[in-house]
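Peer 1: Please see the structure below; I have some questions.
The values are calculated or read from the model by the stated rules, or taken from the named source; none is laboratory data. All values derive from a computational prediction rather than experimental measurement. Please note: Cβ atoms are built from the backbone with ideal geometry, for glycine as well, and neighbour counts cover all protein chains shown. All accessible areas refer to the heavy atoms of the entire protein, side chains included, with ligands and DNA or RNA removed. Shrake-Rupley method; radii C 1.70, N 1.55, O 1.52, S 1.80 Å.
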Amino acid sequence: MNLIYQMQYKFVNLRQKKSQKMTSITNESAQALHDRLRKANNPVIVTHMKPDGDAIGSSIGMYHVLDEVYHKKSSIAIANPIPSYLDFLADESVSKDIYIYEERAEQTRRIILESDLIICLDFNAFHRTDTLCVLLEESTADKILIDHHLSPDSEKFVLVFSVPQMSSTCELEYHILKSLPCIDGNVSALPHKTCTALMTGMTTDTNNFANSVIPSTLMMASELIAAGVDRNMILSNLYNRFKESRLRLQGHILKNLMKITPDGVAYMVLDKQTLKEYDVQEGDTEGFVNIPLSIDKVRMSIFIKEDDSYARVSIRSKEGTSANMCSRLHFNGGGHENAAGGRLYMPKDIADITQAAEYIERHTHIFMNNE
Ligand code: 5GP
Ligand code: MN
């Protein structure tokens, strides 16, 4: 029988008694995780396609725990490469064990199918791993989920840590790791590289403490800084290392491409020609979708980027408007209440990228007016 812990996390309130703190994480579930990590022979860590800071931070954080705490050699499998703004987390101690399906399909397939324990991080359903999905379906290994998205596909896992209120998977992983019997609340017993990786992913998923921050997020940050994590190093790697062309592109988008509908929906469509003109690499447009929310009348922001047979969609919304629902209903995706993603397929949804604006205007009008 599946052992499932869907934890209803009680927000950590400094005024609450210690015993009320996340008892559902700390005891049985942490012990169950500990036992499985301890017994694993070939653990593999898997995260979602087109990985972001939370995906990479939680994966590399777990890799170093397996290495330094459990003395296990593990591998990380991802459909697509790590974006360059996160490469400071993937030093040579870990990069040799990272398998990118896009680059090494056969080896990636082999490590997944030979694994006896697969730790799934920062996604709620196998299809979010793109090319790894069929391998996860084929694998008979026990699988563990640690994630903060709504509606996890729980029956696929022997152990589920799912707390949608959490700022990030990195934050959830941090609380879980602290609760492991071998760590027992002692942050300094966590590998330093794990602490740096988890701080990084929490920082990117909260947009540097702008969204989804709960009391325990700040406690985590405080404890990690006290334990020696270099936040200035993380911030300068994340936010002060871009190419000039990225900032020029941002200017071009805001001046020429951003449109705002009468319903308060801002949208920006980046076609392949513009992507080429500004030499846009994976990760370069991270965060652009948030910018229009700074405008008073904007309730929701949509960023569209042309890909081969589809356009990638990023949606962010202010409180009272559901990015998740809009994506599910109109953009073939989902995510969190105020941050979601999806796709527009070509030619199924739109004939080509020039039709995206009309599609967005029509569908968001329906959505914003509950028609
Ligand atoms: P982003 O806009 O940063 O790509 O994604 C925002 C959030 O939506 C992330 O938490 C991500 O996991 C989720 N998300 C992105 N794309 C998809 C998608 O195609 N389907 C679902 N269900 N969630 C997505
Ligand atoms: Mn996340």
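Peer 1: For the range 234-301, what does the alpha-carbon gyration tensor say about shape, rounded, prolate or oblate, given a ≥ b ≥ c as the root eigenvalues, a/c under 1.5 as rounded, and a/b over b/c as prolate?
Peer 2: Oblate, since a/c reaches 1.5 and b/c is not below a/b.
Peer 1: Among 50, 73, 348, whose mean-square fluctuation peaks in a Gaussian network model of the chain (Cα, cutoff 10 Å)?
Peer 2: 348
Peer 1: Mind giving me the nanometre distance, one decimal, between the label points for residue 290 and residue 277, set 7 Å out from Cα along Cα→Cβ?
Peer 2: Result: 2.7 nm between the two label points.
Peer 1: Mind checking which of 350, 134, 321 is farthest towards the positive end of the chain's charge dipole, using Cβ charges of +1 (Lys, Arg) and -1 (Asp, Glu) about the Cα centre?
Peer 2: Value: 321.
Peer 1: Say the cut-off is 32 Å between C-alpha atoms; which of 73/318; 50/178; 143/348; 72/243; 50/156; 50/72 go over it? Don't skip to the answer; put the middle values down first.
Peer 2: Working: 73/318 43 Å; 50/178 28 Å; 143/348 34 Å; 72/243 38 Å; 50/156 22 Å; 50/72 26 Å.
With Cα atoms farther than 32 Å apart: 73/318; 143/348; 72/243.
Peer 1: Which GluC sites (Glu not before Pro) from the range 268-323 combine a DSSP loop assignment with at most 16 other Cβ atoms within 10 Å?
Peer 2: Those that pass, being in a loop and sparsely packed, are 282, 319.
Peer 1: In whole angstrom, note down how far apart the Cα centers of the range 269-287 and the range 162-188 are.
Peer 2: 35
Peer 1: Continuing with this model, one more query. When Lys and Arg each count +1 and Asp and Glu each count -1, what net charge do the other residues less than 9 Å away from residue 202, Cβ to Cβ, add up to?
Peer 2: Charge balance near residue 202 sits at -3.
Peer 1: If I compute solvent accessible area with a 1.4 Å probe over the protein chains, what percent of it on the chain is carbon and sulfur?
Peer 2: 48
Peer 1: Under a 1.4 Å probe, what is the accessible area of the chain per residue, stated in Å²?
Peer 2: 45
Peer 1: Take the chain, mark every one of the chymotrypsin sites (Phe, Trp or Tyr not before Pro) that falls in a DSSP loop and has at most 13 other Cβ within 10 Å, then report the longest stretch left between them, sites excluded.
Peer 2: 12-208
Peer 1: When the convex hull of the Cα atoms of the chain is projected onto a plane and the area is averaged over all directions, what value comes out in nm²?
Peer 2: 18.7
Peer 1: Given +1 on the Cβ of Lys and Arg, -1 on the Cβ of Asp and Glu, and no further charges, what dipole in debye does the chain carry about its Cα centre, rounded to the nearest 20?
Peer 2: Approximately 860 debye in magnitude.
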